[in-house]
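K.L.:
There's a structure below that I have some questions on.
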Amino acid sequence: MAYYIRVLSPSEKSTDLRLLSEAIVSHGCKVTCDANTDYWQQLETHGSHGETLFILERNAVAEGPIALEELAEFDSEISECLPKSASNWLRDYLASVRTIYAFQVFGAIERDNGWAALNEAKTKIWNSVGGIFQADGEGFSNEDGYHILWQFSENVSGDWWMAVLENGEWQRFKIDLGNPLHRDAFKRGAVPTGATRAP
């Protein structure tokens, strides 16, 4: 099953292809693209042995049904997710999205600095056009990059930076995903007792 990481941007502006390519190539990877202009739609990244590490697609809402269909799927998917305050915020935010940058990730990414190349490309997009992050099996972030919706599997563990809405303001903190007390508080939309606050 394909694994995707996305940047959902409210901007119709296309991220500069040259900057993206330079960011990826700086990690020793190779890039092929379907165009040489800002109207590019697909970029493929290869490792030193030629394997595909990831494919990046740019889907504009105004250019076809793909982005609209994805947004509709997300809207339906998050309606029952927790915390409810984040779900409501996200449903409003999704209505403002104009471009989806979708990274399809392949197994070879574990080699040849693939993750470093992907993360730098993702950051370039985010810094250029803004937006929120979405990752399959994890959930969504807010515009500051903090995780705001629980879509993890039940056996997940480890430290993670999160945020919940309190009186219209994001409260940012780090939790142990495997700690049931931390999980329960987050799902209620509360900062867990003892959680490390972001500076």
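K.L.:
Does segment 2-24 hold any residues that are over 12 Å from ARG58 (Cβ atoms) and part of a loop (DSSP other than H, G, I, E, B), and which are they?
P.N.:
Within segment 2-24, ALA2, PRO10 qualify.
K.L.:
Considering only residues that are of a type in the set (Phe, Trp, Tyr) and crowded, with 16+ Cβ neighbours inside 10 Å, look in segment 32-58 and name the one that is farthest from TRP115 (Cα to Cα).
P.N.:
Step one: of segment 32-58, the residues of a type in the set (Phe, Trp, Tyr) are 39-40, 54.
If we keep only those that are crowded, with 16+ Cβ neighbours inside 10 Å too, we end up with 40, 54.
Values: TRP40: 22, PHE54: 9 Å.
If we take residues in segment 32-58 being of a type in the set (Phe, Trp, Tyr) and crowded, with 16+ Cβ neighbours inside 10 Å, then TRP40 is farthest from TRP115 (Cα to Cα).
K.L.:
State yes or no: is PHE140 of a type outside the set (D, E, K, R) and modelled with pLDDT of 95 or more?
P.N.:
yes
K.L.:
Test LYS13 against the stated conditions and say whether it is farther than 22 Å from ALA135 by Cβ and surrounded by 15 or more Cβ atoms within 10 Å (Cβ to Cβ).
P.N.:
When the stated conditions are applied, LYS13 does not pass them.
K.L.:
Which residues, counting only those in segment 25-69, are assigned to a loop (DSSP other than H, G, I, E, B), closer than 30 Å to ALA95 by Cβ, modelled with pLDDT under 90 and not β-branched (Val, Ile, Thr)?
P.N.:
Within segment 25-69, the subset assigned to a loop (DSSP other than H, G, I, E, B) is 26-29, 34-41, 47-51, 64.
Those left that are additionally closer than 30 Å to ALA95 by Cβ: 34-35, 37-41, 64.
Narrowing further to those that are modelled with pLDDT under 90: 34-35, 37-40, 64.
Within segment 25-69, ASP34, ALA35, ASP38, TYR39, TRP40, GLY64 qualify.
The values are calculated or read from the model by the stated rules, or taken from the named source; none is laboratory data. What you are looking at is a predicted structure, and each value in this text was computed from that prediction instead of being measured. Because the Cβ atoms are built from the backbone with ideal geometry, glycine has one as well, and the counts that use them run over all protein chains shown.
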